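A.B. asks: Pasting a structure here, questions to come.
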Amino acid sequence: MPTQTTPESLLQELAHIQRLERGTVSVLRQGPSGPYYNHQCYENGRNVSRYVPAEQVAELQAAIADHQRFQQLVQQYVELLVARTRVQRQAGSKKKSPRPTSSSPKTRKSNS
């Protein structure tokens with residue numbers, strides 16, 4: 001039986017993410033001793049490229065995957081809270097029942 005996702009469980013899962021990195025890793029070129037890697041990301045509105053040593057590529061890719069997971073969890077968190085807020089708002093604004101109408105017609109009093 002699958003467990004139901006709650007905002008609280010998403011926050012706990014978010015708290016377990018310990019590393020984040022934006023961007024992508026790609027092979028810059030092939031060298032005599034193996035590929036050279038490049039990390040690209042946007043910082044302050046600009047595309048930034050950095051060389052990444054081969055021994056750091058796996059760790060960087062894991063941090064990028066953690067960032068993508070972080071983004072997914074935050075999106076789920078927002079969707080759950082929006083749904084919860086709408087349900088609470090609907091429960092608080094129950095439709096008022098119409099005023100009962102009298103079976104006898106109203107008569108106006110004259111000012112004379």
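Bear in mind that the values in this text are calculations on the coordinates, not laboratory data. Quick caveat, the model's predicted, so the values are computed rather than measured. As a convention, Cβ positions derive from the backbone with ideal geometry for all residues, glycine included, and neighbour counts pool all protein chains shown.
A.B. asks: Would you work out the charge dipole size for the stretch 1-92 about its Cα centre, treating the Cβ of every Lys and Arg as +1 and the Cβ of every Asp and Glu as -1, and quote it to the nearest 20 debye?
C.D. replies: Values: 9 positive and 8 negative charges, 68 e Å.
Computed charge dipole of the stretch 1-92: roughly 320 debye.
A.B. asks: Another question, then. What does the net charge come to around residue 11 if you take all other residues with beta carbon closer than 15 Å to its beta carbon, with K and R at +1 and D and E at -1? Display every interim value, and only then the final one.
C.D. replies: On the way: positive: 69, 84; negative: 8, 13, 79.
Every neighbour counted, the sum reads -1.
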